[in-house]
C-alpha cells in the first residue's frame, strides 16, 4: 500500500466545467452546514497553465449550447430565452461575462479559478493515474505515476471517458454500444479562432457564394460544387437545393448579439472545393461543417465547425492522451487556415485541445437515464432540481445507426422532438462504487440520452446537485450513492437556488423511442 501524500474530503478528477462547479457547490454546502470549508482537490491530466475548464477553456469551445424551451412554455412560465438555468451555471456565466452564448476562454478560466479559490480548493495538473486504491467497493485513494497518493472520502469524475471510474473497475460501454454499435462514435472537433474577419465581410462572402452556387449557368461555381459533392450528381442537386429555404430565399447566416448561426453549406462547399475533397465525413474523414460561431472581443470569432471522423477506440485514446490533436488533424488545420486567410482572416488559431463529444457510457448507475425517459419529462417534478431542453444531437452522425435501425424495422427517426426534461442526479451516481459520481457525457445514459445528456449546461445542473450531495455526504459521513434527488432539492429550495421545473411529457413519442432503444440494444 503506497504511503498517503495528503488526505482530502472530495477529489474531482478532470476539470470539465460541470466537475469544477460540483466541487464549488460541495465546498459551499459543507460550509453552510459546518461553518468551515472541506478539503477539496481538483486533479487534471491537462496543463493548468493553459487554463482550467476542460474543453470550454483549453478546447476553446466558446459557442455554448443553451437549453431549448418552446415559446409557449416560456410564456406560460414567464421564462427567459433559455428558461431558468441552474443557479451555479448562471453565476458562472455572469462571472465570465457571457451575454447570451459566447464564452471567452480567458474569462472562463479566471472565473473558475476565483470560484475554486473561494472554497479553498487545491489544483494539481499534468498527472496520470497509476492505480485506484479501494477498500471493499469504495475508492479510498488515487495513486499517481509520479509517486504521490491522494486519499479522499468522495470522488467526482467529470472526464468525457469516465477515466477515474474505469480505473476504479467500473464497466464502460464502448462508443454507442448502448445501440449495439461499439465501434461507432461521434466526430471530434478542433475549434479555431479567426482574427480580422468582420461579420459584415463574412456575410458578403457567404452571399456571393450562395448566389453563385445556386446559379446553374455559373459553370465555374458548379464545378466547385461538384467537387464538394464528390462528383455525385444527386448529391450536387441536394447541396444546391439546401442553399435555399422553403420560401425560396437564400439561407444566409443569422447574426445574434454575440453569436452567428451559419445556416447553409455555402462555406463548406467552397472550402471542400478548395481542398479538393468531398463534403462527406464518411469518405473524406474531415469536413468543414456549418459553423457555430461565437463572437468574442477584438474582432475574434470562435468556430465550432471542423469535424474529424473517429471510431470508439480513437475517441478513448484521444481522451486519454489529454485531448491533444493528432498531426493529421493539425495538417488539415493548415488548409483551414489558408482558406480562411483567402477570405480575409489575418490569423487562424486552433485550440490547444480537441472537443471530444462522447466516448462511451458507464454502466451500473443508481438510476440510468434513457432517451425515452427524457421524452417522458425526466425525473418526477417533486424531486426535480431544474429542467433542461435540447435536441438529440448526433452531429456528424452515428456510423451504422440508420442501417441497424432499418434492419430492426425502424425507418424514421425524424419524429424525435427535442425533449424538455427534469434534472436529477441518480444517473451520475454509482451503485457499485458508492462514493463516486460520473458527471459527463459518459454518465449512465442509455440509447439516445447521451446525445442530449452530453451538453455542458445540463451537466452543470447535475454537477450542482452532485456537489450538494457530496457536501451532505461528508457532513453526515454517508455515501454519495445514498443521497436522493429530494434531499438535494430541499437544500436548493431552502437556499433560494431551486430553478423552475417545467419538463413536459410526450408519452406517444417516448414509447416509440423506448421500443426503438430496447430493440437496438438487443
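What follows is calculated from the coordinates using simple rules that are stated; it is not laboratory data. All figures in this text were calculated on a predicted structure; none of them were measured in a lab. Note that each Cβ is placed from the backbone with ideal geometry, even for glycine, and that neighbours are counted across all protein chains shown.
The alpha-carbon positions of the range 188-356 define a convex hull whose volume is 119 Å³ per residue. Taking the fewest neighbouring Cβ atoms within 10 Å as the starting point, the ordered list for 322, 247 is 247, 322.
To the nearest 10 degrees, how steeply does helix 485-494 sit against the main Cα axis of the chain, on a 0 to 90 scale? Tilt of helix 485-494: around 90 degrees.
If both residues of a DSSP beta bridge must be in the chain, then about 70% of such bridges are antiparallel. Across the chain, Cα pairs under 8 Å and at least six residues apart give a relative contact order of 22 percent. From a point 7 Å beyond the Cα of residue 331 in the direction of its Cβ, which residues of the range 199-231 have a backbone N at a distance under 16 Å? Label zone hits: none. Between residue 211 and residue 317, the FRET efficiency from the beta-carbon distance, with R0 = 45 Å, is close to 0.55. Each peptide in 152-160, 277-285, 25-33 receives the mean, over its residues, of other Cβ atoms within 10 Å, and ordering these scores from highest gives 152-160, 25-33, 277-285. By other beta-carbon atoms within 10 Å, ranking 20, 474 with the fewest at the front produces 474, 20. Arranged from fewest to most other beta-carbon atoms within 10 Å of their beta carbon, 403, 91 become 403, 91. Based on every Cα atom in the range 178-252, Rg and the maximum pairwise Cα distance Dmax equal 16.7, 48 Å.
May I ask for the distance between the Cα centers of the range 429-502 and the range 203-259, given as a whole number of Å? Using only Cα atoms to place each centre, the spacing works out to 45 Å. With contacts taken as Cα pairs under 8 Å at a separation of at least 6 residues, the range 1-150 carries a relative contact order of 29 percent.
Across the alpha-carbon atoms of the range 292-365, the computed radius of gyration and Dmax are 15.1, 51 angstrom. Full extension of the chain between residue 475 and residue 234 yields a length gain of 80.3 nm, computed as 0.36 nm times the residue separation minus the alpha carbon distance. Full extension of the chain segment joining residue 282 with residue 130 gains 51.1 nm, where the gain is 0.36 nm per residue of separation less the Cα-Cα distance. Pairs of Cα atoms in the range 102-170 fall into 5 Å distance bins, from 0 up to the last occupied one, in shares of 3, 13, 20, 21, 16, 14, 8, 3, 1, 0 percent. Take the Cα radius of gyration of the range 115-241 and divide it by 2.2 N^0.38 Å, N being the number of residues; the result is 1.86. Dividing the mean sequence gap of close Cα pairs (under 8 Å, 6+ apart) by how many residues the range 188-356 holds gives a relative contact order of 35 percent. The C-alpha radius of gyration of the range 1-123, expressed as a fraction of 2.2 N^0.38 Å, stands at 1.21. Using just its DSSP H runs of length 4 or more, each adding -39500 (n - 2.57), the chain gives a mean residue ellipticity at 222 nm of -11000 deg cm²/dmol after division by all residues. Taken as Cα centroids, the range 286-353 and the range 150-169 sit 29 Å apart, rounded to the nearest whole angstrom. Taking P(r) over Cα pairs in 20 Å bins from 0, in percent as the quantity of interest, determine which of (i) 14, 22, 20, 17, 13, 9, 4, 1, 0; (ii) 23, 56, 20, 1; (iii) 19, 46, 30, 6, 0 was computed from the displayed structure. Matching the structure shown: (ii). Computed extension gain for residue 31 through residue 120, at 0.36 nm per residue and net of the alpha carbon distance, reaches 30.9 nm. Working note: Cα gyration tensor of the range 346-405, eigenvalues times five, square-rooted, sorted largest first, giving semi-axes of 30, 19, 14 Å.
Rounded if a/c is under 1.5, else prolate if a/b is larger than b/c, else oblate: which is the range 468-522, with a ≥ b ≥ c the root eigenvalues of its Cα gyration tensor? Oblate is the answer for the range 468-522, as a/c is 1.5 or above yet b/c matches or exceeds a/b.
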